[in-house]
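The values are calculated or read from the model by the stated rules, or taken from the named source; none is laboratory data. The structure displayed is predicted, hence computed values, not measured ones. Positions of Cβ are backbone-derived with ideal geometry, glycine not excepted, and every protein chain shown enters the neighbour counts. The accessibility values were calculated without ligands, DNA or RNA, using every heavy atom of the protein model including side chains. Shrake-Rupley method; radii C 1.70, N 1.55, O 1.52, S 1.80 Å.
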Amino acid sequence: MKTLVVYRSHYGSTRRYAQWLAQALDADAAEERQADARLVQNYECVIFGGGLYAGSIAGAARMVKLYGALQGKRLAMFTVGLSDPSDPENVKKIMQDAARAFTPEMLENICFFHLRGGMDYRNMRPVHKAMMAMLKKMLLKKPESERSTEEKGLLAAYDRPVDFTDRAALAPLIAWCRDEA
């Protein structure tokens, strides 16, 4: 099946996953800004990848814009964030974000996969640094005993870069693409 991986990456984790995925599937990869209706029409399977930022999924708007051109294709989206996707509460939150970005019909036709990325506070853009600073301030107000594992990990990431990207985490998505799931 001819496959295209479209991605939007601010800091590199999503791009890394997109490249690994394209390599594993012998697929083409394109940055989100390159994806248009003419491009996607040439593929049977289109996978979008985007990072999670303050309740939104990078690249989701492009997928919505192209949805008409994507009719009849196998569609998937992988999200990349710091939250551990093995925690059902984290997946629930991500899917709530997805429900704000996509119509119910789209949600039914898109298969979602969730991956862990990384964060290096020193390399963030000013707007993301400001958002993270507000989040940090809010989390520090919570008693330590009430902070979740995710919240503790986020606070620790301010002191040193973290990278949870893992090529092996793509296995379920690769299996889905190959119809093995």
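Values for this structure:
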{"quantity": "Loop-located trypsin sites (Lys or Arg not before Pro) in the stretch 1-43, at most 15 other Cβ atoms within 10 Å (DSSP)", "calculated": "LYS2"}
{"quantity": "Under 14 Å from LYS142, Cα to Cα: aspartates and glutamates that are on another chain or at least 8 residues apart", "calculated": "GLU150, GLU151"}
{"quantity": "For the stretch 117-181, fraction of C-alpha pairs farther apart than 17 Å, in %", "calculated": "55"}
{"quantity": "Relative compactness, the stretch 16-115, computed as alpha-carbon Rg over 2.2 N^0.38 Å", "calculated": "1.04"}
{"quantity": "Rel. contact order, % - alpha carbon contacts under 8 angstrom, at least six apart, the stretch 64-116", "calculated": "58"}
{"quantity": "When each of LYS2/LYS93; LYS92/LYS137; LYS92/LYS152 is checked by Cα-Cα distance, pairs over 22 Å", "calculated": "LYS2/LYS93; LYS92/LYS137"}
{"quantity": "Cβ crowding within 10 Å averaged over residues, with 117-126, 140-149 ranked highest first", "calculated": "117-126, 140-149"}
{"quantity": "Antiparallel %, DSSP beta bridges [both residues in the stretch 43-181], to 5", "calculated": "20"}
{"quantity": "Cα shape, the stretch 40-97, gyration tensor, a/c 1.5 rule", "calculated": "prolate"}
{"quantity": "Contact order normalised by residue count of the chain, Cα under 8 Å, 6+ apart, percent", "calculated": "21"}
{"quantity": "Rounded to the nearest 20 debye, dipole of the stretch 28-181 from Cβ charges on Lys, Arg, Asp, Glu", "calculated": "620"}
{"quantity": "Whichever aspartates and glutamates have a C-alpha closer than 13 Å to that of LYS129, once near sequence neighbours (fewer than 8 apart) are set aside", "calculated": "ASP120"}
{"quantity": "Which of LYS92, LYS137 is most accessible, then next, and so on - probe 1.4 Å", "calculated": "LYS137, LYS92"}
{"quantity": "Percent accessible area from carbon and sulfur atoms, the stretch 47-181, protein chains only, probe 1.4 Å", "calculated": "54"}
{"quantity": "Coil-residue GluC sites (Glu not before Pro) of the stretch 31-131, DSSP, other Cβ within 10 Å capped at 16", "calculated": "GLU44"}
{"quantity": "Equivalent ellipsoid semi-axes, the chain, via Cα gyration tensor eigenvalues times 5, rooted, Å", "calculated": "30, 16, 16"}
